[in-house]
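The values are calculated or read from the model by the stated rules, or taken from the named source; none is laboratory data. Treat the numbers as computed from the prediction; the structure is a model and nothing was measured. Here the Cβ is made from the backbone with ideal geometry for all residues, glycine too, and neighbour counts use every protein chain on show.
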Amino acid sequence: MSEMTNDSLTGSARMEKIVALCKRRGFVFPASEIYGGINGFWDYGPLGAQLKNNLRDAWWRDMVEAPPIGPDGHPLSIVGLDSSIVQNPKAWIASGHVGGFSDPMIDCRESKARYRADHLMVLRPKEQGEYLALFAFLEGEPEPALKRAKKVLRLSVHLADFETHLLSELNEEERSKVYGPDAAKAGTLTEPREFNLMFKTYVGATSSEDNVAYLRPETAQGIFLNYKNVLDTSRVRVPFGIAQVGKAFRNEVTPRNYIFRSREFEQMEMEWFCAPDEAASWFEFWSKTRLEWWKSLGVAEENLRLRKHDQDELAHYSREGEGTYDVEYRYPFTAPDFGELEGVAHRGDFDLTQHQEHSKTKLQYFDPETRERFMPHVIEPASGLTRGVLAILCESYFVDPERPSPEIMRFPSRLAPIKAGVFPLVNKDGMPEIAEKLYLELRTKFPTQFDVKQAIGKRYARMDEAGTPFCFTIDGETTTEQTVTVRDRDTGSQERIAIDSVSAFLSERVG
Ligand code: ATP
């Protein structure tokens, strides 16, 4: 068995392979594919839905059912919530989203394409010829701009012949010399304009401005809206957390990088309510705890990092607090750099104060011990469930060039969509019956797949691509010796174990 690698392919070549496998094996499909798709929307197929549920369940388990141990050595108090996607629009005015949840966008007058201004970069020749020409590209994708440069400059140039700048750093004259990513002529990009990312809809039978409502752009606000309900009805006391998983919608200017940035996605967010003078230390605690959580799932340490935001990157709510840490992952399209996986924001008392003011409902916390009243501060670990699925897909993709079907998804067993495969070696001599009986037993405890079709090697390969840790094969010896073959996904090695120990074998390894 050759050494298996997950870095023999890098960058876009690696990403293309992962996307192709996900399509072929039913992890992720473009939404409305038979109608040509719809940009920024994705559907999760049989394996993808199961993988996503497993990641969601792992988060819920480690956040709500068995929350982390706090700095005092005792378990933290966190409760769950499932709030509505559509809320009273006044909530989004109070939260600052209607007024301020926007990204700067730039249009191209020629191609009609639209870009997020802070994602647009330009190539500028190190040696300027007779006239200046600059070539815009979307961060991380300079190749098309280089191609355009070769054509316009009529020179065989390389990336090393250019400096890279943010488009926003250019002066007006330089901007007029920029070729947009999809334009044939220079100077077709507009000045940046703010574009609100909220999806609007209408509630009820008339579509007038009075009936406007919004699809939530984050799950967090549903938590703030229910903070008082939870406090009044459960036995939580500050400090405590409320956690929620669910869909969020953002009309992203440039959805891209597969499911990394989509217009409909899922978040796993927890709001941690604490005393103002303890917020700074909880901020540090949650940043580290969340980084460790991703590691505990099996994401390699060298592919993760914690990065504190610069002041100019902070969201409107975070400016009130101490800032934001990002847990970042090294995605193939950001490598060797990192991209956001989860944000841990110090939101101060921004949200509760805003909602108190706008709703005229008292939201201050009364501490029964000190008999003091104060507005809790909030630390928010906010991760993307669908973006997490992407990180797990990228992390698990391995290639073993010596296998006939070299692609293997080495999912951590906790997340693997299918935990075990059960196969009869051939469809005769009582093997299918024994295999089905074993399958029926195993599936009461583990998601198990029963497969009777095709040669055994093909069935193993299918399970490797689905990321199934173990396969059990019923063969001629099973009837005489009461044993089965176990095949290990990662090593491809096989051993025999007693048929009645299969369930215990699995419990020990994937239970
Ligand atoms: P960005 O700056 O990249 O637009 P953000 O910092 O605004 O993202 P948050 O508001 O902090 O993102 O959202 C919390 C998490 O939700 C992010 O860390 C990410 O995992 C996920 N997320 C945000 N926007 C998207 C999206 N468009 N598609 C998929 N996941 C997203």
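Look at (1) at pLDDT below 95; (2) closer than 23 Å to Ala117 by Cβ; (3) hydrophobic (A, V, I, L, M, F, W, C); (4) touching a helix residue (DSSP H, G or I) at 6+ places or on another chain (Cβ under 7 Å) and you find that Leu314 fails only one, number (4).
Restricting attention to region 101-157 and to residues that are under 27 Å from Arg330 (Cα atoms) and assigned to a helix (DSSP H, G or I), the residue that is nearest to the chain's Cα centre (by Cα) turns out to be His119. Candidates in region 267-289 are the residues that are in a strand (DSSP E or B) and away from the ligand (no atom under 13 Å from the Cβ); of these, the one that is surrounded by the fewest Cβ atoms within 10 Å (Cβ to Cβ) is Cys274. Of the residues making up region 290-310, those that are within 17 Å of the chain's Cα centre (by Cα) and in a helix (DSSP H, G or I) are Arg290, Leu291, Glu292, Trp293, Trp294, Lys295, Ser296, Asn303.
Report, ordered by the first and then the second residue, all pairs with beta carbons closer than 6 Å, sequence separation of six or more or different chains, a first member in region 383-395 that is under 17 Å from Gly467 (Cβ atoms), and a second member that is near the ligand (Cβ under 8 Å from one of its atoms). So the pair list comes out as Leu390/Ile259; Leu390/Phe260; Ala391/Leu341.
Scanning region 49-79 for residues that are over 19 Å from Asp351 (Cβ atoms) and either touching a helix residue (DSSP H, G or I) at 6+ places or on another chain (Cβ under 7 Å) or among the aliphatic types (A, V, I, L, M) (or both) yields a total of 14. When Tyr325 is tested against the conditions (1) away from the ligand (no atom under 16 Å from the Cβ); (2) closer than 19 Å to Glu218 by Cα; (3) among the aromatic types (Phe, Trp, Tyr), the lone failure is (1). Residue pairs whose Cβ atoms lie under 6 Å apart, separated by 6 or more positions or on different chains, with the first residue in region 206-218 and farther than 28 Å from Met270 by Cα and the second aromatic (Phe, Trp, Tyr), are Asn211/Tyr202. If you go through region 232-259 and keep only what is in a loop (DSSP other than H, G, I, E, B) and either more than 12 Å from the ligand (Cβ to nearest atom) or free of Cβ contacts under 8 Å to residues at least 40 places away in the same chain (or both), you end up with Ser234, Arg235, Val236, Arg237, Val238, Pro239. Go through region 380-399 and report how many residues are away from the ligand (no atom under 16 Å from the Cβ) and buried (at least 20 other Cβ atoms within 10 Å of the Cβ). Qualifying residue count, region 380-399: 2. Close contacts from region 343-360, counting a first residue that is at pLDDT 95 or above and a second that is among the β-branched types (Val, Ile, Thr) and surrounded by fewer than 21 Cβ atoms within 10 Å (Cβ to Cβ), with Cβ to Cβ under 7 Å and a gap of 6+ residues or different chains, come to His358/Ile93.
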